[in-house]
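Student: The structure is given below, and queries will be raised subsequently.
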Amino acid sequence: MSQFRDFNLKLLVIEELMYGPEPLLPVYDLPARLAERGIGDPASYVLENGLHAEVLPESRAHFEALEIPAELLARVEELCFDAGADVFRHCAPAWDGEDDLFDVRSLDDLALLPNLREVTFVEDGVLVVPDAAEVFASRGIETD
């Protein structure tokens, strides 16, 4: 199984494979998990408990432990660096997108995505890697 060094880049890959139009991984549903514990509104829960500025420990544990087989990684052809990704809502349900909680700081893990051809929201999303455009260009990845 492939190991990611940048947790937030892994989350964007999970976004594509789990919450995309054709999910290839079983969906992680934080609201349903919290509902099982009698918590009806995830955002209110995290705000009331001072957890709004972090990835919930149960979500972090789930996504860190999630093993993504190489054959699924090879199916990722596009990544979107949008702060509005669904996966973020399942990690930090009250996150407002105004801080660096989900910023991608390294593109070293691109080597795990042999068929990545396009990335979007490079300028307006959660990508904070210096010289990212050059990294993408060197790999033949289009930016939008």
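The values are calculated or read from the model by the stated rules, or taken from the named source; none is laboratory data. Keep in mind it's a predicted model, so treat the numbers as computed, not measured. Heads up, the Cβs are rebuilt from the backbone with ideal geometry, glycines too, and the neighbour counts pull from every protein chain shown. All accessible areas refer to the heavy atoms of the entire protein, side chains included, with ligands and DNA or RNA removed. Shrake-Rupley method; radii C 1.70, N 1.55, O 1.52, S 1.80 Å.
Student: Give the stretch 111-131 a look and list any residue that's touching a residue at least 40 places away in the same chain (Cβ under 8 Å) and either within 21 Å of Gln3 (Cβ to Cβ) or open to solvent by less than 70 Å² (accessible area, probe 1.4 Å) (or both), or say none.
Tutor: Leu112, Leu113, Pro114, Asn115, Leu116, Glu118, Val119, Thr120, Val122, Gly125, Val126, Leu127
Student: While we're on this one: Give the residue that is most open to solvent (accessible area, probe 1.4 Å), with candidates limited to residues of the stretch 54-109 that are touching a strand residue (DSSP E or B) at 6+ places or on another chain (Cβ under 8 Å) and assigned to a loop (DSSP other than H, G, I, E, B). Working first, answer last.
Tutor: Filtering the stretch 54-109 down to residues touching a strand residue (DSSP E or B) at 6+ places or on another chain (Cβ under 8 Å) leaves 77-82, 103-104.
If we keep only those that are assigned to a loop (DSSP other than H, G, I, E, B) too, we end up with 77, 81-82, 103.
Values: Glu77: 111, Phe81: 0, Asp82: 51, Asp103: 25 Å².
Step by step, filter the stretch 54-109, then rank; the result is Glu77.
Student: Say we look at the stretch 21-34 and pick out the residues that are touching a helix residue (DSSP H, G or I) at 6+ places or on another chain (Cβ under 9 Å) and without any contact (Cβ under 8 Å) to a residue 60 or more places away in the chain; which of these is nearest to Arg75 (Cα to Cα)?
Tutor: Filtering the stretch 21-34 for residues that are touching a helix residue (DSSP H, G or I) at 6+ places or on another chain (Cβ under 9 Å) and without any contact (Cβ under 8 Å) to a residue 60 or more places away in the chain, the one nearest to Arg75 (Cα to Cα) comes out as Leu24.
Student: Only residues that are under 19 Å from Asp103 (Cβ atoms) and exposed (fewer than 13 other Cβ atoms within 10 Å of the Cβ): list them for the stretch 6-53, please.
Tutor: Ala53
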